[in-house]
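Colleague: Structure provided below as structure tokens; questions to follow.
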Amino acid sequence: MGQIATTSRSQGLTVKAYRGPGSALIAYDLDPHLTKNLAGFAIKRTAPTGESAYLLNRLDFTHEITKDTLPHQRTFTPSNVAPFQKFRWIDFPSDVHDGRYSYEVAVEYFGKGGRLEEGPRAEVAIEIAPRDYDRFRLGFTRGYLSSQAYATRFGNAPLRPGAGLLFDTRPYEAQYEWLGFEARRILRAFAQECHDDPASTVDVFAYDLDEPDFVETLVSFGKRLRIFLDDSPLHTKKGAREIEAGKRLLASAGADNVRRGHFQRFAHSKVIIQKRHGKPVRVLTGSANFSVRGLYVQANSVLVFDDPGAAALYEEAFELAFADPRSPAKFRAAPVAKSWATIEGAGLPATEVSFAPHTTALLSLGKVADAIRDAKSSVLYAVMEMGGGGPVLQALRNIGSQQKLFAYGMTQKADGDLEVQRATANSELADFAYLTKQVPEPFREEWSGGMGQVIHHKFVVLDFNDYTPRVFTGSSNLAKGGEEANGDNLLAIADRSVATAYAVEAIRLVDHYHFRVAMRRATRAKPLQLQGAGTRAPWWEPYYDDKNIKSRERQLFVR
């Protein structure tokens, strides 16, 4: 297994790098007696290619950012000139290379005349694209459609030419590759490997289904495909692309191999089971729908278990649903829906899986809620919606009152707003409508991706850098209604590598959208700007105040 985190110490400065999904979380701490005149921290990244550059800061000492600042008026300044005035930073390289990334962190002080003077420095190195397990893969979408990065890189180009299902995707390939990131690569490779093996057949659960290349891959399987398609009103109403997808699959696979159903509400799993000579051998699952939105707009993850035991568990759920797509009561009464099942073996993270719908949501959600209540140091999460019932969402809504924990997470509300919870009972909103207003023509607009969910994750990470790291993830929305009415799957993974990847993903998303919250609140009287020398209340003071959550944050990430 590759290094999940590395630490370096020098002259009172501690630096720690955590490996994320194609990213790195760089955390640092400074002895209290070294904070006088502290201006911030500069971070220089050296890629495996040998290319070095300072990470860029969105804030500096001279330019003011307010809610009225347009994208073309913003500047990005090297952090040795505009040091980061916080005790951690997420680096997400635009192009990720195999090999070790080196991060050199330097303390910057205010000297005479407010000039910056360098203090202690320390360096850490870590791989951000490793393979820890021979028989397990984890990948995330970039989930950054609503970001200046997409607007800058692709001119805010649309993701499809119109309303139809099929089109030539070649003009969109660069966008899809960048936005879909590792999740897309894993999905495409899995489907192609199954297709190229003449002894393989696939069984598929699909909720949203409109990614043209994936649909055509399924069509190309012919009668080697069986699929259970969701037929809730969302996917059968006029204009739904799933109608056309279903027709194409009926024509290629045959009526005996295509089933439609929605349990009591939704057939919500996103699953591909590979069978070789009729026996399940591998399974792909996760939160990412097989759709343009699921892979290229939303923040999602995909997991692959290259394990006959894991595949057999998913196949049992598939066979039960496929045999009787209109009878959720039979599914609830079956053994596969009555307990957690274990996925184990060499080359796999320690995992359990639960299949819904259940007779009671406590069967699955009770384990998650208990784990949240038992957390010792941190709870990090990204959950699609928090409006539902059940013990998990209630525990997350109450997490801000647990002062022993560092709690950090976000959810997208039903009205499209993003709710950002940062370790207190007070929430903050990032409004997509605001993001689209502060833009010049023609292509700098930060595109919200239209109506629908952008934060589509459903995960909770507990104690990622403590003794018992765990993550709960899958297709389940972690709500009582879904666990009792939907076809879903929920994974419980007790593994430091997997937990760290999801933890960094949670922090990446919250930081990204929280900056937009701060922008919306910024005025000319109180703009966003780096704090200069000689301020009575230095920016770093809360990080050393034991009563302040920022102090807990500083200490947590370098432990």
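The values are calculated or read from the model by the stated rules, or taken from the named source; none is laboratory data. Keep in mind that what you see is a predicted model, and the values were worked out from it rather than measured. Note that each Cβ is placed from the backbone with ideal geometry, even for glycine, and that neighbours are counted across all protein chains shown. We work out accessible area using only protein heavy atoms, side chains counted, and drop any ligands, DNA or RNA first. Shrake-Rupley method; radii C 1.70, N 1.55, O 1.52, S 1.80 Å.
Colleague: Tell me, which helices (runs of 4 or more DSSP H) wholly within region 297-406 include 1 or more residues that are among the small types (Gly, Ala, Ser) and open to solvent by 20 Å² or more (accessible area, probe 1.4 Å)?
Modeller: Filter on region 297-406 gives 308-323, 328-333.
Colleague: May I pose another question? Residues in region 103-120: is at least one touching a residue at least 12 places away in the same chain (Cβ under 8 Å) and either in contact with a Cys (Cβ under 7 Å, 6 or more places away or on another chain) or part of a helix (DSSP H, G or I) (or both)?
Modeller: Within region 103-120, one or more residues are touching a residue at least 12 places away in the same chain (Cβ under 8 Å) and either in contact with a Cys (Cβ under 7 Å, 6 or more places away or on another chain) or part of a helix (DSSP H, G or I) (or both).
Colleague: Go through (1) touching a Cys at 6+ places or on another chain (Cβ under 8 Å); (2) over 25 Å from GLY180 (Cα atoms); (3) of a type in the set (A, V, I, L, M) and name the single condition ALA341 misses.
Modeller: Among (1) touching a Cys at 6+ places or on another chain (Cβ under 8 Å); (2) over 25 Å from GLY180 (Cα atoms); (3) of a type in the set (A, V, I, L, M), the lone unmet condition for ALA341 is (1).
Colleague: Residue check, ALA5 against (1) within 30 Å of GLY534 (Cβ to Cβ); (2) surrounded by 18 or more Cβ atoms within 10 Å (Cβ to Cβ), all met but one. Which one?
Modeller: Evaluating ALA5 over (1) within 30 Å of GLY534 (Cβ to Cβ); (2) surrounded by 18 or more Cβ atoms within 10 Å (Cβ to Cβ) leaves (1) as the failure.
Colleague: Checking PHE87 against (1) open to solvent by 20 Å² or more (accessible area, probe 1.4 Å); (2) of a type in the set (A, V, I, L, M, F, W, C); (3) in contact with a helix residue (DSSP H, G or I) (Cβ under 6 Å, 6 or more places away or on another chain): exactly one of these is not met. Which one?
Modeller: So the condition that PHE87 fails would be (1).
Colleague: With (1) under 26 Å from GLY481 (Cα atoms); (2) out of contact with any Lys or Arg (no Cβ under 7 Å at 6 or more places or on another chain) as the list, and THR359 as the residue in question, which single condition is left unmet?
Modeller: Going through the list (1) under 26 Å from GLY481 (Cα atoms); (2) out of contact with any Lys or Arg (no Cβ under 7 Å at 6 or more places or on another chain), THR359 breaks only (2).
Colleague: Among residues belonging to region 196-221 that are over 15 Å from LEU249 (Cα atoms) and not in a loop (DSSP other than H, G, I, E, B), point out the one that is least open to solvent (accessible area, probe 1.4 Å).
Modeller: Restricting to residues being over 15 Å from LEU249 (Cα atoms) and not in a loop (DSSP other than H, G, I, E, B), the top hit is SER200.
Colleague: Among the residues of region 543-550, is there at least one that is of a type outside the set (Ser, Thr, Tyr), open to solvent by 50 Å² or more (accessible area, probe 1.4 Å), assigned to a helix (DSSP H, G or I) and within 19 Å of SER378 (Cα to Cα)?
Modeller: Checked region 543-550: at least one residue is of a type outside the set (Ser, Thr, Tyr), open to solvent by 50 Å² or more (accessible area, probe 1.4 Å), assigned to a helix (DSSP H, G or I) and within 19 Å of SER378 (Cα to Cα).
Colleague: Six or more apart or on different chains, Cβ under 9 Å: which pairs go from a residue in region 221-239 that's farther than 30 Å from ALA199 by Cβ and among the basic types (Lys, Arg) to one that's assigned to a helix (DSSP H, G or I) and open to solvent by 20 Å² or more (accessible area, probe 1.4 Å)? Could you list them?
Modeller: These pairs meet every condition: LYS237/ILE243.
Colleague: Let me ask something additional. State all residues of region 481-503 that are outside any strand (DSSP E or B), in contact with a Phe, Trp or Tyr (Cβ under 6 Å, 6 or more places away or on another chain) and either surrounded by 24 or more Cβ atoms within 10 Å (Cβ to Cβ) or at pLDDT below 85 (or both); if no residue qualifies, say none.
Modeller: Answer for region 481-503, where residues must be outside any strand (DSSP E or B), in contact with a Phe, Trp or Tyr (Cβ under 6 Å, 6 or more places away or on another chain) and either surrounded by 24 or more Cβ atoms within 10 Å (Cβ to Cβ) or at pLDDT below 85 (or both): ASN486, ALA499, TYR502, ALA503.
Colleague: Pick out the one residue from TYR28, TYR54 that is open to solvent by 20 Å² or more (accessible area, probe 1.4 Å), under 26 Å from the mean Cα position of the chain (by Cα) and among the hydroxyl-bearing types (Ser, Thr, Tyr).
Modeller: Matching residue, one of TYR28, TYR54: TYR54.
Colleague: Also, I was wondering about something else. Out of the residues in region 108-145 meeting the condition of being of a type in the set (Phe, Trp, Tyr) and open to solvent by 20 Å² or more (accessible area, probe 1.4 Å), tell me which one is nearest to the chain's Cα centre (by Cα).
Modeller: Taking the candidates together, the pick is TYR144.
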